[in-house]
Amino acid sequence: MIFGRKNSERVRTIAITSGKGGVGKTNITASLACALARMNKKTFVLDADAGLANIDVVLGLTPKYNLYHVLAGERKLSEVIVSGPCGVKILPSASGIQEMTNLSRGQKLTLLEDLDSIQETLDFMLIDTAAGIASNVMYFNMAAREIVVIATPEPTSLTDAYALIKVLHQKYAKKRFRLLINMVNSAAEAHNVFLRLSHATEHFLNVNIEYLGYILQDKKLQDAVRMQQAFVELYPGSQASLCIKKIAEKICSENPEYDENGNISFFGDKRLGNECRSKRT
């Protein structure tokens, strides 16, 4: 067992996702994980962008093995998980392996069962999904108890965020979404962006999205990317870092409610696991 302490509380499994690429999703995941760990929360990051993984690159890590080796049966999960900054545990994924972009049901079951074995040792599991509405993205969002959608003020980002929410709601019955606005110039701009998207989802989908917060535009963030470190660690006093710390504090102060279909043991509700088993046999 990689993590020694058992935790009687259920791990909070949060998918960090987006309809569009380039909105800063992976950087946010990395720094949010660090911020939570700094608050003495046992935090684990799953890089679920299975074909174009890069959280290890963002954090300057060079793992010898990754999720591909687990799913191929070449390595155990304990041999693949690596330690990141602040003691965050990370399950890196593969990059440039096309077959990883569409995991089979059997592979999903393998991953579900392996990750289920560590659930009681964690406070938070952050899932950095790929962007878009491909099958892998849908699966990891379905599996999570909570979904945080990242968007920017760009119209294309909002359009794609709406499309992601629409698919997850209409096809997979997800009811609860939280919105985090990145790359804004002010709190007022972020709130206006939230209102635009929330009005659309409420009017056309009958879905109310929740406002999680915002991250200010900050040159320090790009500097941290080039230096391959989490911006909250490299520049803890920067505007972006103060925003992410505020979001981490908000998350930690909550007693969240879950969708009925998101009430899962750790990863994927049991309905997902049963589906995988029946299709594999």
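Which FRET efficiency value, to the nearest 0.05, do you get for L205 and Q239 by plugging their Cβ-Cβ distance into 1/(1 + (r/R0)^6) with R0 = 35 Å?
0.60
Which residue, S241, L67, F177, has the largest displacement toward the positive end of the dipole of the chain when charges sit on each Cβ (Lys, Arg +1; Asp, Glu -1)?
Looking along the dipole axis, the top candidate is L67.
Between S135 and R105, what is the spin-label point distance in nm, taking each point 7 Å from the Cα along the Cα→C-beta axis?
1.0
With both bridge residues required to lie in the chain, what share of the DSSP beta bridges run antiparallel, to the nearest 5%? Let's see the in-between values first.
Numbers: 3 of 33 bridges.
Looking only at bridges with both residues in the chain, the antiparallel portion is about 10 percent.
Please state the Cα pair-distance histogram of the range 12-276 with 10 angstrom bins from zero: what percent is in each bin?
With a bin width of 10 Å, the distribution comes to 7, 32, 39, 19, 2, 0.
Where q = 0.24, 0.31, 0.32 Å⁻¹, what log10 of I(q)/I(0) comes from the Debye formula for the range 156-198, counting one point per Cα?
So the normalised log intensities are -0.85, -1.14, -1.17.
Would you mind checking the range 40-63 for residues with the amide N under 17 Å from a putative spin-label position 7 Å along Cα→C-beta of C252?
So the set is 40-45.
Past 30 Å, Cα to Cα: identify those pairs from K171/K246; K42/K171; K219/K246, in the order given.
Pairs exceeding the cut-off: K171/K246; K42/K171.
With a 10 Å radius around each residue's Cβ, average the other Cβ atoms per peptide and rank 58-69, 107-118, 201-212, highest first. Can you show the working numbers first?
Numbers: 58-69: 17.5, 107-118: 19.6, 201-212: 14.2.
Per-residue mean Cβ counts within 10 Å order the peptides as 107-118, 58-69, 201-212.
Taken together, the values in this text are just the output of simple stated rules run on the coordinates, not laboratory data. What you see is a predicted model; the values in this text were computed from it and never measured. Neighbour counts run over all protein chains shown; Cβ positions are idealised from the backbone, glycine included.
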